[in-house]
Structure formats: structure tokens, C-alpha cells
Amino acid sequence: MDTESGRPETGLMTSTEENTTARIVRPIAYGGPENLAVFGTPVPEPAAGGVVVEVRAAGVNPIDWKLYSGAFHAVADKNKTSAGVADDTLPALGLECAGVIAAVGSEVTGAKVGDEVLVYPVTAAYADYVTAPVTSLIPKPATVGWAEAGALLLAGTTAVHVLHAAGVGEGDTVLVHGGSGGVGLMAVQLAAARGATVIATAAERNHDLLRDLGAIPVAYGPGLLDRVRAAAPGGVTAAVDLAGTAEALDASLELVADRQRIASITGTERRSAAGIKVLGNGPGQDTGTEIRNAARAGLADRAGAGELRVVISAVYPLAEAAKAHEAGIAGHTPGKLVLVPQHS
Ligand SMILES: NC(=O)c1ccc[n+]([C@@H]2O[C@H](COP(=O)([O-])OP(=O)(O)OC[C@H]3O[C@@H](n4cnc5c(N)ncnc54)[C@H](OP(=O)(O)O)[C@@H]3O)[C@@H](O)[C@H]2O)c1
């Protein structure tokens with residue numbers, strides 16, 4: 001315990017049970033990353049229809065810090081379940097990972113100990129071991145590294161969903177707000193692969209990366225409309241908002257004639273009221289569960305074939321999850337943050 005602030009120390013190792021042989025990172029209170037702690041825990045047993053995966057890399061996503069930030073808890077009285085927080089239980093963290101199957105349940109067929117897999121959706125992947133149903137397993141392409149495999153599917157399936165919702169295809173000119181983020185870099189590549197002209201907003205230092213991945217980069221901030229119009233003299237036919245800013249919504253409404261061709265993965269009341277497509281788990285939003293699940297194998301294939309790059313911003317040891325969250329909350333990490341348990 002930090003005696004001056006009274007807060008728990010980041011990375012605190014707390015043994016909750018006798019004979020613990022694995023670690024899990026969880027928040028111990030609502031708030032910021034200083035509330036993340038490493039707990040000892042037994043290696044889990046598989047359910048009859050599930051597996052235990054030894055985690056090699058867990059993708060870090062903004063939802064992870066939002067879950068214990070208190071933001072969702074504040075709306076808990078209105079809509080606890082759809083906000084992703086059940087009652088007063090602190091959330092488990094880690095919604096995607098990649099690893100090696102360590103145990104299989106008695107009813108499992110088609111998956112075996114030693115198989116290398118991507119795991120999504122899953123809960124509590126900030127850990128040495130995680131349990132998962134077989135329906136969450138996608139074979140890991142041998143050519144994809146662990147960090148990339150662990151960070152591919154949440155952002156990748158979200159990008160597929162948002163491009164589908166905005167109807168992006170051949171001949172379109174699509175504006176991607178937040179093009180250098182985890183979802184943004186996926187959306188840029190997938191939109192270009194669909195034959196669209198892609199204009200992506202990002203800080204100047206990420207413009208070369210966006211060009212490499214097939215986009216025309218533009219800086220966000222004052223003057224955005226002029227820069228986009230200069231980059232797209234024929235007009236913008238669709239927009240995907242991955243940034244969640246007022247600027248992204250205003251520019252999209254100004255540039256795209258058909259509001260059904262504007263899709264956002266960041267829900268705000270203004271977005272819902274604007275008549276655009278809002279995707280996510282909030283009230284009235286489109287979860288896209290089927291399209292996201294169906295997209296997983298294709299994303300793994302593309303990554304395995306070298307057609308889809310998973311850009312890794314930084315890799316942290318599992319015990320340094322708080323540092324990863326601090327970097328993510330600062331809001332300017334290009335691509336994905338990843339936690340690695342580092343098994344011997
Ligand atoms: N609804 C869903 O299903 C769903 C799924 C996944 C994510 N999300 C949400 O979607 C958002 C993006 O997720 P993510 O994983 O891509 O996040 P991320 O990787 O943390 O995004 C970081 C990026 O945001 C960019 N950015 C910061 N300020 C910006 C601004 N004013 N205008 C444009 N871009 C700006 C930064 O670009 P620069 O470094 O170039 O400044 C940075 O690369 C988050 O709010 C997340 O919670 C929703």
C-alpha cells in the first residue's frame with residue numbers, strides 16, 4: 001500500500017488462495033489504472049464443452065479501462081447489463097487473447113491440447129490461463145506472431161462491422177475518423193481491400209504509416225473539412241467514426257449526404273439523435289454479433305496470408321497492465337497495445 005495516498009501499489013501481488021500457480025490482473029476498485037493488481041489464482045479447469053488456454057498474448061482495448069473507470073457504473077442504475085457491468089461486481093479484464101490449449105473438457109471434439117489458437121470473445125484474458133468455449137477458438141496461422149494474434153480479433157471484427165454498416169465497397173470514398181487507432185488501422189486496410197478510396201484522420205506522425213496501408217492521411221483538428229475536400233474532390237460517400245469526437249460527427253454530417261452511410265462505434269446521445277448508425281453494446285445500438293463472429297476466420301486468414309497487418313504499438317508484461325492502460329488512456333497509441341504473460 002502506498003501509505004501517502006492510501007492507494008494500492010500498481011502490480012501488487014496478492015495471494016488469494018493457497019497453492020496458487022497462475023496470475024490474473026483485476027481491478028480492486030473503480031477508478032484509474034492505479035487500481036489494477038495482480039492476484040495469484042489456481043490454474044482453472046475446463047468446462048465440459050470448453051478449453052483452458054495458456055495465454056501468450058492478450059489484446060488491450062479501450063473497453064478494458066472503461067469497464068472499471070466508473071463511467072459505466074455511473075449508468076448502472078439505468079442499464080447495468082447492457083453497460084457491461086453486473087451489479088457491484090468489479091469487472092474481469094481481457095476480451096481477447098491468443099495462446100496454446102492446455103486442457104480440454106470432456107465433451108470437446110475438434111480441439112486438442114497443444115493447439116495454437118486465437119480466442120475471442122472471452123473474458124478475463126489478462127491472466128496466465130483463461131477458460132473459453134470452443135466456439136470462441138480460431139486456429140492461429142503459423143505466420144502470425146503471438147502479439148499480433150492476441151490483438152487481431154476485437155479491433156478486426158469491429159472494423160468489419162463498421163464498414164459493413166456504412167456499406168463501404170468498390171468505388172466509395174470513405175472518411176475514417178481515428179484512422180491510426182487499433183480499429184482505425186484495421187478499417188483502413190479492409191476498406192482499401194474492398195476497393196474504396198480511403199481518407200483517414202490522424203496525427204501527422206502517423207501519416208506515413210497510413211499511406212503504407214493504403215490511405216490518404218489528413219490531420220484532424222481545425223480546418224478538417226477543407227483538407228478532406230481537397231483530398232476528395234469528387235466527394236465523400238461514407239464515413240466511419242472511430243474517434244468519438246464532436247468534430248468527427250460534425251464533419252461526417254457535413255460531408256456525407258446519406259446518414260445511413262455514416263457509422264460510429266462510439267455511442268453518444270448526439271450520435272443516436274443524428275440518425276446515423278451507432279454500433280456497440282449500449283441501449284438501442286447494433287451489436288453485430290453475427291457479422292463479427294463470422295468475420296473472425298477470414299481476418300485470421302488475411303493476417304496469415306500477409307494481407308492484413310496488425311500494427312503493435314507496444315508490448316507490456318502482464319504485471320505491467322497498469323502501464324499499458326496509462327498509455328492507452330493518453331489516447332495516441334498507433335495500433336494495438338498487448339500484454340504478454342511470458343511463460344517459461
Ligand atoms: N462499439 C464497439 O463495438 C467498439 C469496439 C472497439 C472499440 N470501440 C471504441 O472505439 C474507439 C476507438 O477504439 P480503438 O481501439 O481504435 O482505440 P485506440 O487504439 O486507443 O485509438 C487511439 C487513436 O485515437 C486517435 N485519436 C486521438 N484523438 C483523436 C482525434 N481528436 N481525432 C481523431 N483521432 C484521434 C489517435 O490518433 P493519433 O495518435 O494519430 O493522434 C490514436 O491512434 C474507443 O472509444 C473504443 O472504446 C468501440
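The values are calculated or read from the model by the stated rules, or taken from the named source; none is laboratory data. For clarity, every value in this text was computed on a predicted model and none was experimentally measured. Heads up, the Cβs are rebuilt from the backbone with ideal geometry, glycines too, and the neighbour counts pull from every protein chain shown. For the accessible areas, the whole protein counts, side chains as well, though only heavy atoms, and no ligand, DNA or RNA atoms are used. Shrake-Rupley method; radii C 1.70, N 1.55, O 1.52, S 1.80 Å.
Of the numbered criteria (1) touching a Pro at 6+ places or on another chain (Cβ under 6 Å); (2) free of Cβ contacts under 8 Å to residues at least 60 places away in the same chain; (3) not in a helix (DSSP H, G or I), the one Y220 fails is (1). Just to be sure before I move on: is T20 modelled with pLDDT of 65 or more, more than 17 Å from L318 (Cβ to Cβ) and not in a strand (DSSP E or B) in the structure I sent? The answer is no for T20.
Scan the range 246-265 for residues that are within 28 Å of I63 (Cα to Cα), open to solvent by 30 Å² or more (accessible area, probe 1.4 Å) and assigned to a helix (DSSP H, G or I) and the total you get is 7.
So, A297, is that one away from the ligand (no atom under 15 Å from the Cβ), under 25 Å from P27 (Cα atoms), assigned to a helix (DSSP H, G or I) and modelled with pLDDT of 95 or more or not? Answer is no for this residue.
Only one of the listed residues (A243, A274, A238) is surrounded by fewer than 22 Cβ atoms within 10 Å (Cβ to Cβ) and either in the same structural domain as S180 (by TED's automatic domain parsing) or within 15 Å of the ligand (Cβ to nearest atom) (or both). That residue is A274. Checking each residue in the range 57-98 for being modelled with pLDDT of 95 or more and among the acidic types (D, E) picks out D64, E96. Among the residues of the range 295-309, just one is open to solvent by 80 Å² or more (accessible area, probe 1.4 Å) and under 17 Å from the mean Cα position of the chain (by Cα), namely R309. Could you count how many residues in the range 325-344 are within 15 Å of the ligand (Cβ to nearest atom) and within 25 Å of L137 (Cα to Cα)? Count: 5.
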